[in-house]
Amino acid sequence: MEPGQNNTNRLMNEKEVAAHLAVSVATIRRWRLLGQGPKATKLGGLVRYKPSDVEEFLNQCPKLGGGNKSGK
């Protein structure tokens, strides 16, 4: 994304979503095909993602390291 651009109005492509989520583009595509990743929008032959949908997906993911480690 270009500096100073309003992130809330711009759709993201697969490469941008993959970088934001620290996964490969192949993972983003696999998630889309399996209905598991962020909600995607098709514009003609282009796949795009709303930043709000990507953030919602991220917020719904289980958090790592949140378990009880007391050993009991």
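Quick notes on this structure:
- Packing rank of 23-34, 47-58, where each peptide gets the mean count of other beta carbons within 10 Å, highest leading: 47-58, 23-34
- The label point for Glu55 and the one for Lys15, both projected 7 Å from the Cα toward the Cβ, are 2.4 nm apart.
Bear in mind these aren't lab numbers, they're just calculated from the coordinates by the rules spelled out. Not measured: the values here are computed from a predicted model. Methodologically, a virtual Cβ is constructed for each residue, glycine included, from the backbone with ideal geometry; neighbour enumeration extends over all protein chains shown.
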